[in-house]
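Below is one structure, written out as structure tokens; comments come after it.
Derivation of every value follows stated rules applied to the coordinates shown; laboratory data play no part. Computed from a prediction, not measured in an experiment: that's the story for all the values here. Note that each Cβ is placed from the backbone with ideal geometry, even for glycine, and that neighbours are counted across all protein chains shown.
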């Protein structure tokens with residue numbers, strides 16, 4: 001399968017998620033004036049759906065990773081597998097948290113987000129600077145290979161980073177509003 005169309009689609013989604021990450025981070029940090037009103041508006045828009053939205057992002061990441069490995073045929077490197085070990089349980093934890101409307105359960109997801117986030121940052125960094133690889137990669141499936149490189153900066157680890165950042169910010173948003 002020629003992955004050029006899905007690559008462009010997922011890259012565009014990633015750009016939108018990065019924009020959402022930046023906006024949500026600014027609104028989370030702001031407590032006065034326009035930012036406070038933006039936060040109130042966002043509360044109205046999201047309602048009680050914050051945990052559901054985080055779950056949808058996790059399901060999208062799971063589906064995307066399986067699409068690339070099982071349909072397109074990209075072989076995941078070791079760091080991709082470790083990131084999957086952070087993403088896949090998020091699907092279940094966030095589903096249970098959303099069904100139960102439990103921020104206590106959702107809090108269990110934050111360490112998974114943090115670990116996955118750190119892995120994605122490292123993975124993206126060694127894609128940009130292969131000499132910084134500290135031995136996480138194998139020669140069979142190197143972590144420095146860019147299966148996707150859209151718009152001159154979007155790769156699979158950056159997609160993971162963007163999604164994990166959004167999930168983490170949504171969880172922090174939900175906790176802030178309790």
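The table that follows gives values for the structure above.
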read-out	value
Globularity index of region 4-176, i.e. its alpha-carbon radius of gyration over 2.2 N^0.38 Å	1.07
Proxy reagent accessibility, fewest Cβ within 10 Å first, across 34, 115	34, 115
Convex hull volume per residue for region 125-165, taking Cα atoms only, in Å³	79 Å³
In degrees, nearest ten, helix 109-128 long axis to first principal axis of the chain (Cα)	40 degrees
Label-point gap, in nm, between residue 45 and residue 15 - each point 7 angstrom along Cα→Cβ	1.9 nm
Helix-only [θ]222 nm of the chain, DSSP H runs n ≥ 4, -39500 (n - 2.57) each, per residue, nearest 500	-24000 deg cm²/dmol
Principal-axis tilt of helix 156-176 within the chain, Cα atoms, nearest 10 degrees	20 degrees
